[in-house]
Amino acid sequence: MALNSKIIIHLMGLLLLCNGFFMLMAALVSGIYEDGVTLDITLAAIVTMLVGVMSMFFTRAHKKEVKRKEGYIIVTFGWLVMSVSGMLPYLFSGAIPDVTNAFFETMSGYTTTGASIMDDIEIMPEGILFWRSLTHWIGGMGIIVLAIAILPLLGIGGMQLFAAEAPGPSADKLHPRITDTAKRLWLIYFSYTVAETILLKLAGMSFFDAINHSLATLSTGGFSTKNASLAYWNDQPLIQYIVILFMFLAGSNFVLSYYAFKGKVQKVLKDEEFKYYTIFVISFTVVSALVIYFKANVPISDYQPMVLGHAEAAFRHALFAVVTVITTTGFVSADFTSWTPFLTIFFFGLFFLGGSAGSTAGGIKVMRHLLIIKNGLLEFKRTLHVNAIIPVRYNNKTVKEHIVYNIIAFFVLYMLSFIIGALGLGFMGLDFDSAIGGAASSLGNVGPALGSLNPLSNFNSLPTIGKWWCSFLMLLGRLELFTVLILFTPYFWKKI
């Protein structure tokens, strides 16, 4: 069966139109703050939208059908097209004049990784900072899901796209029609963003900082408007607790938020993944807080003035670090790599956990870990009872065997990708800590890493090829491996 290339190009044009529209929003912010780059961002928007309109015009006579093969191509190339066009505001304004750095920053934004090459964020124009945060927000719920919400205008069904893009091992639908699902998810996403912006403003942030951090929180991105990230507000605990709350919500399944708003709280509380996600956050925080309090040797002055003293500071920084790493947000309130070797290794391990399936978080995801562990434990029973059929159960339902195989395959591929990613960075000259930290952080879309890429540093020290390599790892991790890797298989491109 021939590839429907016209629909692919047509949808690339549609994504470019959407991207251009968001650039105009950044240009508006730039104009309000009179930061001197309004025309540059507007020009980037015009170029992006013009290419989008031309792409749609010349492919208007396309066959309105998206099969699974086209779905994978649209998702992967969609992210690349968005990233290439998304770096235009940086290049046109001169904020990031280098193509490699601009692409890295943009890919980090759309994949919600939050790793940055900017040495001084605070000197950047407001319009550029807002655009930087918007790339997070667009990528958070998925630029493809956004497109699905408006595909009915084109008369196209979007189930194939949702299957390829939806984060996690399963796309739990809220409504029989996939477009309605996308709209509901975006409504929740938007509502949370507005709510956090209001709360942060009331807690003492400026409106500009509040909206930027809200865009980065709900997308579990981590770009901040301050060089010190959330450590800038270490003397304002309420701000950090608000961010922690919304990071936790962003790292949970958005479908559960929908159920909660509908009054189906029991469905949320009984969800196995949410239960363990919460248990992990609490237990890991307790461990971290105790180590920080008794072993970390961090003077209380380093925390700046604290309302409740050292114990509260230890708890808050532990909770913040655990939530920001598990949800792969990447905000920083303190450098966890300086808290003792035990906690450095501890947090490195959390790079691989990830948030919930159906969240904006990266990583392997809690659900996959649960099913792998359950299946592993059941192997003991299967060894003793060879002829017995002992299925894996999740939320009191039997998990189909092919899903378990898929998850095991994903885990193996993920670890192989991490090892190859780390070897690549090591080959480029990075030390051991920086290589394994950079690979795990990029693949898991975490943001801060270890060694020279620690939470108080950035990725600007990477060699040019290292930035492109990490950009690829970010895309690979954000699209959950299979969506990207399948394009490298020869049988994918064979005509059926």
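How about region 57-83: which of its residues are among the hydroxyl-bearing types (Ser, Thr, Tyr) and outside any helix (DSSP H, G or I)? Correct list: THR59 only. Give the residues of region 71-110 that are closer than 12 Å to PHE223 by Cβ and not small (Gly, Ala, Ser), sorted by residue number. Matches in region 71-110: GLU105, THR106, TYR110. When residues in region 181-219 are screened for being surrounded by 22 or more Cβ atoms within 10 Å (Cβ to Cβ), of a type in the set (S, T, N, Q) and not in a helix (DSSP H, G or I), 1 of them pass.
From the list LYS262, LYS275, LYS201, LYS267, the one residue that fits, being of a type in the set (Lys, Arg) and under 21 Å from LEU353 (Cα atoms), is LYS275. Of all residues in region 380-390, exactly one satisfies the criterion of being part of a helix (DSSP H, G or I) and among the aliphatic types (A, V, I, L, M), namely LEU384. Return a yes/no flag: does region 408-426 have any residue that is within 21 Å of the chain's Cα centre (by Cα), surrounded by fewer than 21 Cβ atoms within 10 Å (Cβ to Cβ) and of a type in the set (S, T, N, Q). Taking every residue of region 408-426 in turn, at least one turns out to be within 21 Å of the chain's Cα centre (by Cα), surrounded by fewer than 21 Cβ atoms within 10 Å (Cβ to Cβ) and of a type in the set (S, T, N, Q). A search for C-beta distances below 8 Å between a residue of region 313-341 that is closer than 12 Å to ASN234 by Cβ and open to solvent by 10 Å² or more (accessible area, probe 1.4 Å) and any residue that is assigned to a helix (DSSP H, G or I) and aromatic (Phe, Trp, Tyr), counting only pairs 6+ apart in sequence or on different chains, returns ALA334/TYR303; ALA334/PHE320. When residues in region 391-417 are screened for being assigned to a helix (DSSP H, G or I) and free of Cβ contacts under 8 Å to residues at least 40 places away in the same chain, 9 of them pass. For region 345-404, the set of residues classified as surrounded by 13 or more Cβ atoms within 10 Å (Cβ to Cβ), more than 21 Å from SER252 (Cβ to Cβ) and among the charged types (D, E, K, R) consists of ARG382, ARG393, listed by residue number.
Look through region 431-454, keep the residues that are closer than 25 Å to PRO97 by Cα and over 17 Å from the mean Cα position of the chain (by Cα), and return whichever of them is surrounded by the most Cβ atoms within 10 Å (Cβ to Cβ). This residue is LEU453. Can you spot a residue in region 475-487 that is out of contact with any Asp or Glu (no Cβ under 7 Å at 6 or more places or on another chain) and free of Cβ contacts under 8 Å to residues at least 40 places away in the same chain? So far as region 475-487 goes, no, none of its residues is out of contact with any Asp or Glu (no Cβ under 7 Å at 6 or more places or on another chain) and free of Cβ contacts under 8 Å to residues at least 40 places away in the same chain.
Going through region 425-462 one residue at a time, which ones are within 17 Å of TRP339 (Cβ to Cβ), outside any helix (DSSP H, G or I) and in contact with a helix residue (DSSP H, G or I) (Cβ under 6 Å, 6 or more places away or on another chain)? The answer is ALA449, LEU450, ASN454. Considering ILE46, ILE9, the condition of being in contact with a His (Cβ under 9 Å, 6 or more places away or on another chain), surrounded by fewer than 23 Cβ atoms within 10 Å (Cβ to Cβ), of a type in the set (A, V, I, L, M, F, W, C) and in contact (Cβ under 8 Å) with a residue 24 or more places away in the chain is satisfied by ILE9 alone. Count of region 119-144 residues, restricted to those that are open to solvent by less than 10 Å² (accessible area, probe 1.4 Å), more than 9 Å from the chain's Cα centre (by Cα) and farther than 20 Å from THR42 by Cα, is 3. Reported count of residues in region 463-481, each being assigned to a loop (DSSP other than H, G, I, E, B) and open to solvent by 10 Å² or more (accessible area, probe 1.4 Å), is 2.
The values are calculated or read from the model by the stated rules, or taken from the named source; none is laboratory data. Because the structure is predicted, anything quoted here is derived from the model rather than measured. Cβ atoms come from the backbone with ideal geometry, glycine included; neighbour counts cover every protein chain shown. Please note that ligands, DNA and RNA were not included when accessible areas were found on the heavy atoms of the full protein model with its side chains. Shrake-Rupley method; radii C 1.70, N 1.55, O 1.52, S 1.80 Å.
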